[in-house]
Amino acid sequence: MKIYLKTYGCQMNERDSEALAGMLTARGHVIASCEEEADVMIFNTCSVRDQAERKAVGKVEFMKKYKQRNPALLIGIIGCMAERRGAELLADLPHVDFVLGTGKLHTLPDLVEKLASGRTRVAETGPNPDVLTGMGAHFRPEGAGGVLGQIAITRGCNRFCSYCIVPYVRGREISRAPEDILEEARTLTADGVREILLLGQNVAAYGLKGSTAAPAPEDSPFADLLAELAKISDLLRIRFTSPYPTYFNDRLIRTMAENPKICRNVHLPLQSGSDRILKLMNRQYTSDIYRSIVAKLRAVMPEITFSTDVIVGFPGETEEDFLMTRDLMNEVGFDQSFIFKYSPRPGARSAAEPDSVPQIVKEERDQILLADLAERTSLTMQELIGTRQEVLVEGVSRRMEDRWTGRTGGNRTVHFPPPGGCRPGELLTLRILKAGKVSLYGEAEQA
Ligand code: SAH
Ligand code: SF4
Ligand code: F3S
């Protein structure tokens, strides 16, 4: 069958879709490049904000016309929104054939084949521990190629930040066995991958058995895993996302400093700079603890850069709270930030509080932070002009045929004319000549 697979949401969802595409193609199905040619349409959805759900529902509604033309077409909704809304989605969207939640994703190939031969409508949600191994093994569609790979090392989240739906739609936090992850990393590197992104909603809590207490200074199974991965000689770079701040203990910080393969760029979600709001969010750190983590990382890796996530308009956020966020952001000097307007999620704890900050104020706060961010980004980009940067060569640029692209350890894209003999997957030192809005332009150093 020809299967069209569209993904919304975070990198965890992207990786799940990649694994599903791998499983489906291994069974002889083909991934369709457009909606028109599909026998099956699958939408892997996100629930993190109301907007994310609405976008997917809108898209699925729009697909009704294909079903009218071709009644044999199968349409399915999978992933986080499927988990949250279950059978209700079948009731709301009569042209949808199946709903499959996050705990049962690994059963997708069987389900699709079953439904194609005998039609019923099904909604399957709820936890299933088999998903850990079922989705774990590295199912990469054949010929996926590329030098970048992703490995999900944990699934779920136990942190229950008061605004967040993830613990409800992804279930309890579970970690994969280190041997499985290392084997997957070796398979990927044998296949040409040179940079691996480790994924988990609470990635640095890896191996801590779901505990949410701040770990002892030397207790970090995540650091042990990083150190083992760094020993794979063909693996040149390791990144991870997203680490909750309090897991950066001495052991993890030291391990990063000792292993230059671990990229000096950390996504460290801040959410708010106000201690009062952090407490209401059930984030288990204060602004000072956050500052001290940044300072400790910078002390041993002066070149390190940070990116972050921030929410504006959390219930009860005052102008003063907001300004504390703004000040802390400017103080840390994030290389990149993702700013979100608070969206109440039914079921998450903060949804019980009135969504008290008016939409217009959320917009204003969003715009202020975006303007700070734009100013800062253009400054940091300008500062890179004239510097030498090592990039991992990814291949021909998507925008310019005569240029290639690579990324710096700090996660900046650089376009450059490829020197003779240059190959994807190698490290190359470039001199930065020019800075655009989001990417840099450089030239290889003469040997
Ligand atoms: N596990 C990751 C976050 C996953 S969700 C972490 O802890 O870093 C990605 C981001 O979406 C969060 O960091 C948060 O900033 C934002 N977010 C989550 N729930 C939200 C909500 N209800 N409204 C607005 N933004 C939200
Ligand atoms: Fe959501 Fe918090 Fe878990 Fe991140 S750590 S997924 S924000 S509950
Ligand atoms: Fe969205 Fe699910 Fe990721 S809710 S952010 S796709 S874990």
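Annotations
- Comparing Cα centroids, segment 116-138 and segment 286-313 end up 38 angstrom apart.
- Shown in residue order for segment 27-44 are the 3J(HN,Hα) couplings computed by the Karplus curve 6.51 cos²θ - 1.76 cosθ + 1.60 at θ = phi - 60°: 8, x, 7, 10, 7, 7, 8, 9, 4, 3, 8, 7, 8, 9, 10, 10, 10, 8 Hz (x for Gly and Pro).
- Accessible area (Å², 1.4 Å probe, nearest 10) - Ile31: 70 Å²
- Ellipticity estimate at 222 nm from DSSP helix runs (n ≥ 4, -39,500 (n - 2.57)) divided over the chain, nearest 500: -10500 deg cm²/dmol
- In this structure, the amide hydrogen of Ser337, modeled 1.01 Å from its nitrogen in the peptide plane, lies closer than 5 angstrom to those of Thr308, counting only residues at least 5 positions away or on a different chain.
- The DSSP beta bridges internal to segment 140-263 are antiparallel in roughly 15% of cases.
- Shape class for segment 66-221: oblate, because the ratio a/c of the largest to smallest gyration tensor axis (alpha-carbon atoms, square roots of eigenvalues) is 1.5 or more and b/c is at least a/b.
- Span-like helix criteria (full DSSP H runs; alpha carbon extent of at least 15 Å along the helix axis; mean Kyte-Doolittle hydropathy of at least -1.0) are satisfied in the chain by 11-26, 50-62, 178-190, 287-300, 319-332, 359-384.
- With semi-axes defined as the square roots of five times the eigenvalues of the C-alpha gyration tensor, the equivalent ellipsoid of segment 357-411 measures 33, 16, 10 Å, largest first.
- For Ser397, nonlocal amide neighbours, meaning residues 5 or more places apart or on other chains whose placed amide H falls under 5 Å from its own, are Arg403, Trp404, Thr405.
- Gain on full stretching of the segment that runs from Gln382 to Glu37 - 0.36 nm per residue minus C-alpha separation: 119.6 nm
- When the listed pairs Lys65/Lys104; Lys362/Lys437; Lys59/Lys341; Lys279/Lys437; Lys209/Lys437; Lys104/Lys279 are checked against a 32 Å cut-off, the alpha-carbon distance exceeds it for Lys279/Lys437; Lys209/Lys437; Lys104/Lys279.
- Estimated FRET transfer efficiency (Arg291, Ser211; beta-carbon r; R0 25 Å; 0.05): 0.55
- Sparse-neighbourhood loop sites, GluC sites (Glu not before Pro) in segment 391-432 - DSSP loop, at most 11 other Cβ within 10 angstrom: Glu401
- Cross-link table Lys6/Lys434; Lys55/Lys114; Lys2/Lys67; Lys2/Lys64, entries beyond 24 Å C-alpha to C-alpha: Lys6/Lys434; Lys55/Lys114
- All Cα pairs of the chain, percent lying beyond 28 Å: 55 percent
- Eligible lysines near Lys231 by straight Cα distance, threshold 24 Å, same-chain separation 8 or greater: Lys261
- The HN-Hα couplings worked out from phi for segment 201-210 by the Karplus form 6.51 cos²θ - 1.76 cosθ + 1.60 (θ = phi - 60°) are 5, 9, 5, 6, 7, 3, x, 8, 6, x Hz, whole numbers, x standing for Gly and Pro.
- Sites matching trypsin sites (Lys or Arg not before Pro) across segment 1-54 that sit in DSSP coil, with at most 13 neighbouring C-beta atoms within 10 Å: Arg27
- Low-density loop positions, GluC sites (Glu not before Pro), segment 262-344 - DSSP coil, at most 11 other Cβ in 10 Å: Glu303
- Between Ala299 and Glu353, the contour length at 0.36 nm per residue exceeds the alpha carbon distance by 15.4 nm.
- A cut-off of 5 Å between modelled amide H atoms, ignoring neighbours fewer than 5 places along the same chain, links Tyr163 with Ser350.
- Here the chain is treated with +1 on each Lys and Arg Cβ and -1 on each Asp and Glu Cβ, and its dipole about the Cα centre works out to around 520 debye.
- Computed on the Cα atoms alone, the convex hull of segment 388-444 gives a volume of 71 cubic angstrom per residue.
- Gain upon complete extension [Ala257, Asp110; 0.36 nm per residue less C-alpha separation]: 48.4 nm
- The modelled label-to-label distance between Val30 and Gln284, using points 7 Å beyond Cα along the C-beta direction, is 5.1 nm.
- Seen from a random direction on average, the alpha-carbon convex hull of segment 294-447 projects onto 12.2 square nanometres.
- Checking Cβ-Cβ separations below 4.7 Å across the chain identifies Cys10, Cys34, Cys46, Cys80, Cys157, Cys263, Cys422 as cysteines lacking any candidate disulfide partner.
- Karplus 3J(HN,Hα) series, Hz, for segment 308-313 with 6.51 cos²θ - 1.76 cosθ + 1.60 (x for Gly, Pro): 8, 10, 9, 10, 9, x
- Inter-centroid distance (Cα atoms) of segment 396-410 relative to segment 323-337, Å: 29 Å
- Considering only the chain, percent of DSSP beta bridges that pair antiparallel, nearest 5: 35 percent
- Taking the Cα centre of segment 170-237 as origin and assigning +1 to Lys and Arg Cβ atoms and -1 to Asp and Glu Cβ atoms, the resulting dipole is close to 240 debye.
- Placing +1 on each Lys and Arg Cβ and -1 on each Asp and Glu Cβ, with no other charges, gives segment 140-263 a dipole about its Cα centre of roughly 380 debye.
- Note on segment 191-350: Cα-Cα pairs beyond 26 Å make up 30% of the total pair count.
- Each listed q (0.15, 0.16, 0.17 Å⁻¹) maps to a log10 I(q)/I(0) for segment 140-263 from the Debye sum over equal C-alpha point scatterers, namely -0.68, -0.77, -0.85.
- Over the C-alpha trace of segment 2-130, radius of gyration and Dmax come out as 13.3, 39 angstrom.
The values are calculated or read from the model by the stated rules, or taken from the named source; none is laboratory data. All values derive from a computational prediction rather than experimental measurement. Because the Cβ atoms are built from the backbone with ideal geometry, glycine has one as well, and the counts that use them run over all protein chains shown. Accessible surface areas use protein heavy atoms only, side chains included; no ligands, DNA or RNA. Shrake-Rupley method; radii C 1.70, N 1.55, O 1.52, S 1.80 Å.
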